[in-house]
Amino acid sequence: MSRRRKSPNTPTPQQDTSKLRWFKADMHLHTPASSDYEEPQATYLEWLRQANEKEMDIVAITDHNTVAGVAAVRREIEWLTKLEAQDRLTDDEKLRLDEWRTLANKILVLPGFEFTATFGFHILGIFPPETSVRHLEYVLLNLNVPAEKLDLGSTETGASTDVLTAYQVITEAGGIAIAAHANSTHGVAMRNFPFGGQTKIAYTQNDNLIALEVTDLESRSRNATARFFNGSKPEYARKMHCIQGSDAHRLVGDPKNPKRLGIGERATELLLPEASFEAIADLLGSTNFDRTRAYRPKDKPIDHLAVARAEGPNQVQSFHETVTVRGGRQAAVLADLCAFANTDGGVVYVGASVRKGPVKGLSNIKNVQKELQAAIAERLQPQLDVRFETAQSENAQVLRVSVDEGDEKPYCLDQSKFYVRNDAETSLAVRDEIVALVLENAGISRGKPAAATVEADVAEAAESTNSNASNRRRRRGRNTSESSSNGASPAATKKAETSDPFDLPQVGVEIISSETRNGVNYYVVSDLRNGRSVSNVTRKGARKLWNYAIAQVEDQPVEMNKVTWKGDVGLVGSESRAGKVRYDLARRDGKNIRVFYGVTEDGMEGPWAEFVGK
């Protein structure tokens, strides 16, 4: 049953979306085979009937550590089919068999389970519809579910298998592994769980993990899970497919408890060529992140542009009301696309600003797209695969232009302009950044590779997955030891030598060293957003955040007696700038004090989380 799939970091060729359609899917559903099912008297036919009532196209049976529900469905159909062959069906049985067949032709039912891994983390294993019950039970046995508990449907199985091994076993057995309710109880993305950073990274970035199921897919919060795993964080550089599921333990939701959902009440839509396991696996194994979305009733559609505008410009999205050549607006759009290709990929919304009020939109969106496509082909080198989609918001149409991180970096505009993206800012790359892009594309590290250790409990399993570090995005995120051409101080490589990637903040900048030449101060700046050190930076020519850091160093040096310390980490101060609260932080390394300027909440994990909101 083993099958090969695309690497999750492999760019996916553009597909003609006119041949695709949206399918409504709920891939986290329990049946009476789960011991905690709230309606144990329900029949399996009623279960599938309710899926049909909710207009589901795709469902998965995912009971706790068992496939007894899958077996029960198949036994009933096989028994009725056998009676039919013997001409022994009663009228009632004939009606039941006809209904089973009708519903089975309308809904793709995928077999699977919800596995409880070591430390109680939950993982969905979903398989092709033809997979036998015996094969599924064999997989559960390989995951150390005791044979005597295979039919219990309990969340507790005793000592089982660690998370990383579970991903691998499920994938090698022909299934797809999805982290169940990743952001909530028993989820692998629990940021406050007392594990080291490398374990958290491994659990959520592993190549055998195809998607994260989250409970806040529609959230507009800056802390929403999908935003956290959108590829903009250096330590979580692999952008993850995020979907949602009902985790239904009953047919219909409990009106007294909105958290107890029924079948299809928190569904995902997938843009597919057909409703098949293979199509789902191909999509979730691709970089087509615009082909999954939270399901909404037709009379209450999601305004995706409104969601994006509420988030505002960031590392992976920007907004332009116009794309005219006159006034340089087209060049600004091209610069953003170039920067996204050189950094983490991203989306440009053309026809909308982030200002409040009505969306301006585009009056002739097809012509705009043709002009932009021609400009991209003519002015961006190397050639870039760009996807176009029309987004509707209110009564306006907007062009959504998306690009993945490129494979042939560095990309440039008009033969000589190299751009990079930092937070919401697109900037011309300086010399050291261009050099880093060239070396990164060639697979050459300028410094000592970061240690890729995981907690002792998962170290052995993690070893097989640390091949992730070979792809550029993970390498860029974890090789923070790159030194500048004139030699950064030893402190610049400190982060690379620690086993905890959250030892330092994840965003912000650090001034590594300085020297004065002809009366001008030149600095080496380490940008924690991409892990690169840049030399020969002056206050006058520095970017916004770099300029702020240099200004603080020159005008307001840190007074150590005024730092609020929590162990070896400290808060220098905080203020709201550009719509975000930014923190200046300090860390004691022996006798040395390191200061990190302009850190946002997104970059404060581990010990730094103590200061959020202060």
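Take each of the peptides 303-314, 266-277, 561-572, 198-209, average the number of other beta-carbon atoms within 10 Å over its residues, and list them starting from the highest.
198-209, 266-277, 303-314, 561-572
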Inset, instruction - Mind checking the full-extension length gain between ASP290 and GLU389? Use 0.36 nm per residue of separation minus the Cα-Cα distance, one decimal, nm. - result: 34.7 nm
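Could you give the dipole magnitude of the chain about its Cα centre, charging the beta-carbon of Lys and Arg +1 and that of Asp and Glu -1, in debye to the nearest 20? Numbers along the way, then the final one.
Numbers: 79 positive and 83 negative charges, 512 e Å.
Roughly 2460 debye, rounded to the nearest 20.
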Legend entry - Rounded to whole Å, sorted largest first: equivalent-ellipsoid semi-axes of segment 289-343, Cα gyration tensor: 27, 15, 10
Legend entry - Shape parameters for segment 256-389, alpha-carbon atoms, Rg then Dmax in Å: 17.9, 60
Inset, instruction - Let me know the whole percent of all Cα-Cα pairs from the chain that are separated by more than 36 Å. - result: 42 percent
Legend entry - Over 21 Å (Cα to Cα) - which of LYS540/LYS562; LYS24/LYS233; LYS54/LYS298; LYS24/LYS94; LYS200/LYS233 fall in this group: LYS540/LYS562; LYS24/LYS233; LYS24/LYS94
Inset, instruction - Indicate the helices, whole DSSP H runs only, in the chain that combine a mean Kyte-Doolittle hydropathy of 0.5 or more with a Cα extent along their long axis of 15 angstrom or more. - result: 329-342
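Full extension from VAL307 to GLU130: what is 0.36 nm times the residue separation minus their Cα-Cα distance, to one decimal in nm? Don't jump to the answer; show the numbers that get you there.
Details: separation 177, 0.36 × 177 = 63.72 nm, distance 3.91 nm.
So the extension gain works out to 59.8 nm.
Which FRET efficiency value, to the nearest 0.05, is calculated for SER416 and ASP254 with the Förster distance at 45 angstrom and r the Cβ-Cβ distance?
Values: r = 62 Å, r/R0 = 1.39.
E between SER416 and ASP254, to the nearest 0.05, is 0.10.
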Inset, instruction - Please report SER363, SER574 as a ranked list, fewest other C-beta atoms within 10 angstrom at the top and most at the bottom. - result: SER363, SER574
Inset, instruction - Select from VAL350, LEU372, GLY327 the residue farthest towards the positive end of the dipole of segment 309-422; place +1 on Cβ of Lys and Arg, -1 on Cβ of Asp and Glu, and compute about the Cα centre. - result: GLY327
Legend entry - Expected 222 nm ellipticity per residue - DSSP helices of 4 or more, -39500 (n - 2.57), all of the chain, to 500: -8000 deg cm²/dmol
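Values quoted throughout were computed directly from the atomic coordinates according to the rules given, and no laboratory measurement underlies them. Predicted, not measured: the structure shown is a model, and the values here were computed from it. A quick note on method: Cβ atoms are made from the backbone with ideal geometry, for glycine too, and the neighbour counts reach across all protein chains shown.
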